[in-house]
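Trainee: Got a structure for you, written out below as structure tokens; questions coming shortly.
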Amino acid sequence: MSNLHLKSDPTLRDLQDYVEEMVRERGFTTDDIPKKFMMLTEEVGEFSKAARAHAGMKLAKDSRDQDLAGEAADILIVLLGLCNMMNIDLEKAFRYKEEINKKRVWSEA
């Protein structure tokens, strides 16, 4: 039984803190950065497969039903875990990077 509780209207910082507690509670504290990157790559692949199914593209008949939203959540969970391992405040980094991006000129290739 989990003792975790996520606020009903969490910030990105709240999500990152939640994932930190979740990692401890579920015993994933021995994972290292290369393992987490492999997990992230795996989750992105699962999201891609779910997106293919969502788009109506052909998939093998033995492929399991794909949960697009669930796979997107898995990516976020692993990414937040990686950020925690590398001492990155993702909300702060997002805000910083977005200020840079706002000043860029975006055009077609």
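The values are calculated or read from the model by the stated rules, or taken from the named source; none is laboratory data. Quantities reported herein were computed from a predicted structural model and do not represent experimental measurements. A quick note on method: Cβ atoms are made from the backbone with ideal geometry, for glycine too, and the neighbour counts reach across all protein chains shown.
Trainee: For LEU82, indicate whether it is in contact with a Lys or Arg (Cβ under 8 Å, 6 or more places away or on another chain), modelled with pLDDT of 95 or more and surrounded by 10 or more Cβ atoms within 10 Å (Cβ to Cβ).
Mentor: Values: in contact with a Lys or Arg (Cβ under 8 Å, 6 or more places away or on another chain): yes; modelled with pLDDT of 95 or more: yes; surrounded by 10 or more Cβ atoms within 10 Å (Cβ to Cβ): yes.
It is true that LEU82 is in contact with a Lys or Arg (Cβ under 8 Å, 6 or more places away or on another chain), modelled with pLDDT of 95 or more and surrounded by 10 or more Cβ atoms within 10 Å (Cβ to Cβ).
Trainee: Could you pull out every one of the helices (runs of 4 or more DSSP H) wholly within the chain that has 2 or more residues that are in contact with a Phe, Trp or Tyr (Cβ under 7 Å, 6 or more places away or on another chain)? Spell out how you get there, then give the answer.
Mentor: Working: elements: 12-26, 33-54, 68-85, 90-102.
Hits in the chain: 68-85.
Trainee: Could you tell me whether ILE33 is in contact with a Leu (Cβ under 8 Å, 6 or more places away or on another chain), loosely packed, with under 12 Cβ neighbours inside 10 Å and either closer than 23 Å to LEU15 by Cα or of a type outside the set (Lys, Arg) (or both)?
Mentor: Values: in contact with a Leu (Cβ under 8 Å, 6 or more places away or on another chain): yes; loosely packed, with under 12 Cβ neighbours inside 10 Å: yes; either closer than 23 Å to LEU15 by Cα or of a type outside the set (Lys, Arg) (or both): yes.
Spelling it out, ILE33 is indeed in contact with a Leu (Cβ under 8 Å, 6 or more places away or on another chain), loosely packed, with under 12 Cβ neighbours inside 10 Å and either closer than 23 Å to LEU15 by Cα or of a type outside the set (Lys, Arg) (or both).
Trainee: If you don't mind, there's one more thing I want to ask. Yes or no: ALA55 surrounded by fewer than 10 Cβ atoms within 10 Å (Cβ to Cβ) and either touching a residue at least 24 places away in the same chain (Cβ under 8 Å) or out of contact with any strand residue (DSSP E or B) (no Cβ under 7 Å at 6 or more places or on another chain) (or both)?
Mentor: On the way: surrounded by fewer than 10 Cβ atoms within 10 Å (Cβ to Cβ): yes; either touching a residue at least 24 places away in the same chain (Cβ under 8 Å) or out of contact with any strand residue (DSSP E or B) (no Cβ under 7 Å at 6 or more places or on another chain) (or both): yes.
Criteria met by ALA55.
Trainee: How many residues are more than 29 Å from ASP17 (Cβ to Cβ) and surrounded by fewer than 16 Cβ atoms within 10 Å (Cβ to Cβ) when one looks only at the range 58-79?
Mentor: Taking the range 58-79 as the starting set, the residues that turn out to be more than 29 Å from ASP17 (Cβ to Cβ) are 58-66.
If we keep only those that are surrounded by fewer than 16 Cβ atoms within 10 Å (Cβ to Cβ) as well, we get 58-65.
Count: 8.
Trainee: Just checking, which of GLU20, GLU42 is surrounded by 12 or more Cβ atoms within 10 Å (Cβ to Cβ) and closer than 20 Å to ALA93 by Cβ? Full working, then the answer.
Mentor: Working: GLU42 fails: closer than 20 Å to ALA93 by Cβ.
Result of the check over GLU20, GLU42: GLU20.
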